[in-house]
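What follows is a single structure, written as structure tokens, with notes after it.
The values are calculated or read from the model by the stated rules, or taken from the named source; none is laboratory data. Here the structure is a predicted model, which is why all the values come from computation and not from measurement. So basically every Cβ, Gly included, is an ideal-geometry build from the backbone, and we count neighbours across all protein chains shown. Each accessible area value is taken on the protein alone, full model and side chains, heavy atoms only, with ligands, DNA and RNA left out. Shrake-Rupley method; radii C 1.70, N 1.55, O 1.52, S 1.80 Å.
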Amino acid sequence: IKQPFFWAISRSQDATLTTIYRTKRGFELDGQYRYVLGERSRGELSGRYLHDWESGNESPDRGDVRWLHNQILSPTWTFKADARYQSDTRLYRDFVDSSVTDRTQRVLDSNVFLTQDTSRYMLLGLLASTEDLTGTGESRLSRLPEVRFLWFPARLFSLPLTAEADTSAVFFERSQLDNAGRLDLHPLVHLPVAPFPWLAST
């Protein structure tokens, strides 16, 4: 038995609550909340909770949460989020009414971005987590955080040289393995050479 309830909260937000009863698995509550904060900001928060009567040795309290958000903070700054949490790896595979996409997903990705993009450079801040849903054990790789700086090709002072750079710093958090950090520095300097009108080299 499934009964949804739709609530038009205002012109810029709404919610849908759905109660579900399964004769063999028990009760479930699904929720979806959509919002628009402005012309350049909107998002969606959804989740489900169920008390599973046939959870076996696992906890009967199961569920997931997902947050989608997209916001332009300024002409150069952008914030995006696609964050997900799932109580266990078999949550969607145990229910036939789950979508094919959810039942066959191999990993659970969560990403939160903050970027600044200009004509000269791009700055990226990232929080990311990837969880393996194929194995029986917990396997997770997280980048908490990752910072990347791209300096687009530009003339170096008044010299006939072109310079660019790609620099990143990241801290990896890994289940069942040691955590690790990495710093990459990749500066490039080019000297364009055009010995003939029909030939260009660097």
- Could you check how many residues of the stretch 106-149 are of a type in the set (S, T, N, Q), under 19 Å from the mean Cα position of the chain (by Cα) and surrounded by fewer than 17 Cβ atoms within 10 Å (Cβ to Cβ)? 4
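Is one or more of the residues making up the stretch 65-82 within 22 Å of residue 4 (Cα to Cα), charged (D, E, K, R), touching a Leu at 6+ places or on another chain (Cβ under 9 Å) and part of a strand (DSSP E or B)?
So in the stretch 65-82, the residues within 22 Å of residue 4 (Cα to Cα) come out as 65-68.
Restricting the remaining residues to those that are charged (D, E, K, R) gives 66.
Filter again for touching a Leu at 6+ places or on another chain (Cβ under 9 Å), leaving 66.
Adding the requirement that they be part of a strand (DSSP E or B) leaves 66.
Yes, the stretch 65-82 contains a residue that is within 22 Å of residue 4 (Cα to Cα), charged (D, E, K, R), touching a Leu at 6+ places or on another chain (Cβ under 9 Å) and part of a strand (DSSP E or B).
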- Item | Exclusive hit being polar (S, T, N, Q) and either within 17 Å of the chain's Cα centre (by Cα) or open to solvent by 50 Å² or more (accessible area, probe 1.4 Å) (or both), set 59, 87, 98, 55 | 59
- Message: I need a count of the residues in the stretch 155-188 that are more than 26 Å from the chain's Cα centre (by Cα), on the phi < 0 side of the Ramachandran plot and not in a strand (DSSP E or B).
- Response: 5
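Each row is one residue, and each column tells you yes or no for (1) touching a residue at least 12 places away in the same chain (Cβ under 8 Å); (2) open to solvent by 80 Å² or more (accessible area, probe 1.4 Å); (3) in contact with a Lys or Arg (Cβ under 6 Å, 6 or more places away or on another chain).
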position: 19; (1), (2), (3): yes, no, no
position: 23; (1), (2), (3): no, yes, no
position: 27; (1), (2), (3): yes, yes, no
position: 30; (1), (2), (3): yes, no, yes
position: 34; (1), (2), (3): yes, yes, no
position: 37; (1), (2), (3): yes, yes, no
position: 42; (1), (2), (3): yes, yes, no
position: 48; (1), (2), (3): yes, no, no
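Quickly run through the stretch 39-94 and pick out the residues that are in contact with a helix residue (DSSP H, G or I) (Cβ under 7 Å, 6 or more places away or on another chain) and among the hydroxyl-bearing types (Ser, Thr, Tyr). Please lay out each step first, then the result.
Filtering the stretch 39-94 down to residues in contact with a helix residue (DSSP H, G or I) (Cβ under 7 Å, 6 or more places away or on another chain) leaves 92-93.
Within the stretch 39-94, 92 is the sole residue that qualifies.
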